[in-house]
Ligand SMILES: C[S@@+](CC[C@H](N)C(=O)[O-])C[C@H]1O[C@@H](n2cnc3c(N)ncnc32)[C@H](O)[C@@H]1O
């Protein structure tokens, strides 16, 4: 991988605000805690690796669950802070913080670990490309019968309305600005929005774009995903975008059958998380009646010049064909190419605490950068 890309990426994680955002994401942090502590009988006396330990919180959960040794690997300078947090919680004898990229780590006597924990997920799951590093760690360090936390992930997509992006322009100090709003959308339609979609804004059920098995899949399997989908609108509404989100599943290794599988959901029906949903906003809305067909193709392809980012491409189907949808013979007539970049802006891969207006004031908008739209909250 291009070292400049890596340097920028790891430097971005030296911003404490990103770690604050993640630690304060109650759904994220509590799900990891529960997934680890509910498997305490499994973690007892095990050797664990935390890939990208950041502040060290997941390593501490593993130590609390009874792990005898945790290798907490962190490439950024946050490793120094992680050491302090480990000390503050009296786990120095169990948790060893290693300040290194996991790709460069060698463990004593080439030992293998029983479990790998990692929080590697970016916007729409794969933004940041950190999963590749987890797969390297798996191949290098995980025992044959070891476990990954999480163990699988699914990306979902669904057509939606994004009223917050439209309604705010209906009345600007008493003036209707829909013409302005239309041009604005068309000028930035190549940027996905990071926005919280309400369940009532979905226009149909979600469909899985891909399912990733962390134990089995390889890096090359993450290079491209494609989905062609035809569905009937579940209600009347304005079709304004394609919403993308993900779920992650953790292993349930407890003997206790009462325990249910732990899932970290980031969709419209789940508790809100800092990932929100990624929405590819269509340049023009389409007003739909209930049952009216919606047809689209979504291609998610790793960028050839920066493997930490993906291009999301939505292709809308010809309305003529939509009237008589035949899923196998879609005629694609209209193309919208949406590029996403590794960073929302260089210091904040996960969005940070600032609202979008503040950021726009402070940072020039890069041509393809995803926008975290807090206006909806
Ligand atoms: C999303 S943060 C998670 C931090 C922490 N585990 C938590 O849950 O709060 C990901 C962390 O992994 C680190 N990281 C990413 N790729 C890495 C790699 N290849 N080797 C070591 N650390 C890495 C980043 O610097 C960042 O601190």
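Restricted to segment 157-176, and to residues that are part of a strand (DSSP E or B) and surrounded by 23 or more Cβ atoms within 10 Å (Cβ to Cβ), which residue is nearest to the ligand (Cβ to nearest atom)?
It comes out as 157.
Of everything in segment 32-65 that's more than 10 Å from the ligand (Cβ to nearest atom) and under 17 Å from residue 133 (Cβ atoms), which residue is surrounded by the fewest Cβ atoms within 10 Å (Cβ to Cβ)?
Filtering first and then ranking leaves 48.
Which members of segment 66-75 meet the condition of being under 23 Å from residue 35 (Cα atoms) and within 9 Å of the ligand (Cβ to nearest atom)?
Those that are under 23 Å from residue 35 (Cα atoms) and within 9 Å of the ligand (Cβ to nearest atom): 72, 73, 74.
Would a scan of segment 76-95 turn up a residue that is under 27 Å from residue 145 (Cα atoms), buried (at least 24 other Cβ atoms within 10 Å of the Cβ), more than 12 Å from the ligand (Cβ to nearest atom) and modelled with pLDDT of 95 or more?
Within segment 76-95 (the criterion being under 27 Å from residue 145 (Cα atoms), buried (at least 24 other Cβ atoms within 10 Å of the Cβ), more than 12 Å from the ligand (Cβ to nearest atom) and modelled with pLDDT of 95 or more), the answer is yes, since at least one residue qualifies.
Is it true that some residue in segment 136-154 is in contact with a helix residue (DSSP H, G or I) (Cβ under 6 Å, 6 or more places away or on another chain), away from the ligand (no atom under 16 Å from the Cβ) and under 30 Å from residue 233 (Cα atoms)?
no
Regarding residue 10, is this residue in contact (Cβ under 8 Å) with a residue 60 or more places away in the chain and surrounded by 19 or more Cβ atoms within 10 Å (Cβ to Cβ)?
no
Can you pull out the residues in segment 72-103 that are assigned to a strand (DSSP E or B) and free of Cβ contacts under 8 Å to residues at least 60 places away in the same chain?
Matches in segment 72-103: 72, 74, 95, 96, 97, 98, 99.
Every residue, every condition in (1) under 22 Å from the mean Cα position of the chain (by Cα); (2) modelled with pLDDT under 80; (3) in a strand (DSSP E or B); (4) within 16 Å of residue 160 (Cα to Cα), yes or no:
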{"site": "280", "(1), (2), (3), (4)": "yes, no, yes, yes"}
{"site": "306", "(1), (2), (3), (4)": "yes, no, no, no"}
{"site": "316", "(1), (2), (3), (4)": "no, no, yes, yes"}
{"site": "325", "(1), (2), (3), (4)": "no, yes, no, no"}
{"site": "328", "(1), (2), (3), (4)": "no, yes, no, no"}
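Inside segment 283-305, can you point out the residues that are buried (at least 21 other Cβ atoms within 10 Å of the Cβ) and closer than 20 Å to residue 235 by Cα?
288, 294, 295, 296
Please pick out the residue among 100, 118 that is under 19 Å from residue 133 (Cα atoms), surrounded by fewer than 20 Cβ atoms within 10 Å (Cβ to Cβ) and within 8 Å of the ligand (Cβ to nearest atom).
Being under 19 Å from residue 133 (Cα atoms), surrounded by fewer than 20 Cβ atoms within 10 Å (Cβ to Cβ) and within 8 Å of the ligand (Cβ to nearest atom) holds for just one of 100, 118, which is 100.
Which residues, taken from segment 137-156, are more than 16 Å from residue 117 (Cβ to Cβ) and surrounded by fewer than 17 Cβ atoms within 10 Å (Cβ to Cβ)?
Matches in segment 137-156: 139, 144, 145.
Since residue 272 meets every condition but one in (1) modelled with pLDDT of 95 or more; (2) touching a strand residue (DSSP E or B) at 6+ places or on another chain (Cβ under 7 Å); (3) under 18 Å from residue 198 (Cβ atoms), which condition does it not meet?
With (1) modelled with pLDDT of 95 or more; (2) touching a strand residue (DSSP E or B) at 6+ places or on another chain (Cβ under 7 Å); (3) under 18 Å from residue 198 (Cβ atoms) applied to residue 272, the lone miss is (2).
Inspect all residues belonging to segment 104-114 and state whether any of them is assigned to a strand (DSSP E or B) and either within 13 Å of the ligand (Cβ to nearest atom) or surrounded by 18 or more Cβ atoms within 10 Å (Cβ to Cβ) (or both).
Yes, the conditions are met somewhere in segment 104-114.
Condition (residue is at pLDDT below 95 and more than 20 Å from the chain's Cα centre (by Cα)) applied to segment 188-197: is it met by at least one residue?
There is at least one residue in segment 188-197 that is at pLDDT below 95 and more than 20 Å from the chain's Cα centre (by Cα).
Only one of (1) more than 9 Å from the ligand (Cβ to nearest atom); (2) surrounded by fewer than 20 Cβ atoms within 10 Å (Cβ to Cβ); (3) without any contact (Cβ under 8 Å) to a residue 60 or more places away in the chain is not met by residue 23, so which one is it?
(1)
Which one is modelled with the lowest pLDDT, of the residues in segment 241-268 that are part of a loop (DSSP other than H, G, I, E, B) and in contact with a strand residue (DSSP E or B) (Cβ under 9 Å, 6 or more places away or on another chain)?
261
The values are calculated or read from the model by the stated rules, or taken from the named source; none is laboratory data. Worth saying up front: this structure is predicted, and the values here are computed from it rather than measured. Here the Cβ is made from the backbone with ideal geometry for all residues, glycine too, and neighbour counts use every protein chain on show.
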